[in-house]
Amino acid sequence: MYVDDIDTRDGRRAGTTRQPGFAGGVVLLAVCALGYAVTVASLQLHIYIHVMAGILWTGIDVFLGAVLGPVVGGLDEEQSAAVFERLTPKTAFLLPSMALVTIASGIVLAQRLSLFPNAEPWLAAFTAVTLVPVLLCLGWRFEAFDDRRWQVPFAVVAVGALAWVATTIGSLQPTTPAALLALAIVTVLSVQGFGFLLPGEVRMYQEMTSPDPDPGVIAAIGRQNAKLGGVQGGFQLALILVMVSLRFGGF
């Protein structure tokens, strides 16, 4: 009986952490949708892809913070860990994919609608203040500052981003306050999402697939990510207000 129980738990763990079909499907769909939106899609379809990705991203984050967070907060460690063992293999791929599609398609859409004048130098600055902090957060969260697998990408991204800023700063001109506020909110969302939430998901996955997973670690990281998801949802709702204002003339 004891052996059967161990086999059942191991089988459940394998079922909750190994979902290549879902992960691959989500990432492939997101990449295809983004590529289509920013290349050959009509304006209507571009807007549809951007809005639908944003709805999924925002809705899931609000659900995590407003509904799931309080629920798992009332559970013990074993129960909380069981919830996140089911949830993490999906959110670890779904949320970053929806975030990428929403942000990238939104920036291109704003340019397509002529809502973001003098965009290139601002986008260069946005890239630098987003990617560099994200990579620094990843290095810190994974204790990888001495690892060449982190050092090389960081050096390439930092040099490339700063070079883009240097070559475009001379053409920097004022843009609309609404566009600047939207960029600021997107920067916060990007750093928080890719620099804090995503590493948390990866750490939970590593713990779940370890030989002796610790439910306390899984539950603690999961609760932290649920709270951060709620914060993300709040920023996203604020961003929606800014984007609606921008669409109808800005401020």
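Points to keep in mind about this one:
- Residue within segment 93-110 that is loosely packed, with under 15 Cβ neighbours inside 10 Å and either in a helix (DSSP H, G or I) or under 21 Å from the mean Cα position of the chain (by Cα) (or both) present: no
- Among residues of segment 137-162 that are under 18 Å from residue 194 (Cα atoms) and free of Cβ contacts under 8 Å to residues at least 24 places away in the same chain, those with a Cβ under 6 angstrom from a residue that is assigned to a helix (DSSP H, G or I) and aromatic (Phe, Trp, Tyr), sequence gap 6+ or separate chain, pair up as 139/150; 144/150.
- Pairs, first surrounded by fewer than 14 Cβ atoms within 10 Å (Cβ to Cβ) in segment 28-54, second in a helix (DSSP H, G or I) and among the aromatic types (Phe, Trp, Tyr), C-beta under 8 Å, six or more apart: 45/36
- Residue in segment 179-196 that is over 22 Å from residue 137 (Cα atoms), small (Gly, Ala, Ser) and not in a helix (DSSP H, G or I) present: no
- Sole exception among (1) over 21 Å from residue 53 (Cα atoms); (2) modelled with pLDDT under 90 for residue 233, by number: (1)
- Residue identified as closer than 30 Å to residue 40 by Cα and either touching a Leu at 6+ places or on another chain (Cβ under 7 Å) or of a type in the set (A, V, I, L, M) (or both) among 113, 87, 162, 136: 113
- Qualifying residue in segment 198-208 (condition: over 19 Å from the mean Cα position of the chain (by Cα) and modelled with pLDDT under 90): yes
- Candidates 33, 37, 41 - the one that is at pLDDT 90 or above, closer than 30 Å to residue 113 by Cα and outside any helix (DSSP H, G or I): 41
The values are calculated or read from the model by the stated rules, or taken from the named source; none is laboratory data. Quantities reported herein were computed from a predicted structural model and do not represent experimental measurements. We place every Cβ from the backbone using ideal geometry, glycine too, and count neighbours over all the protein chains shown.
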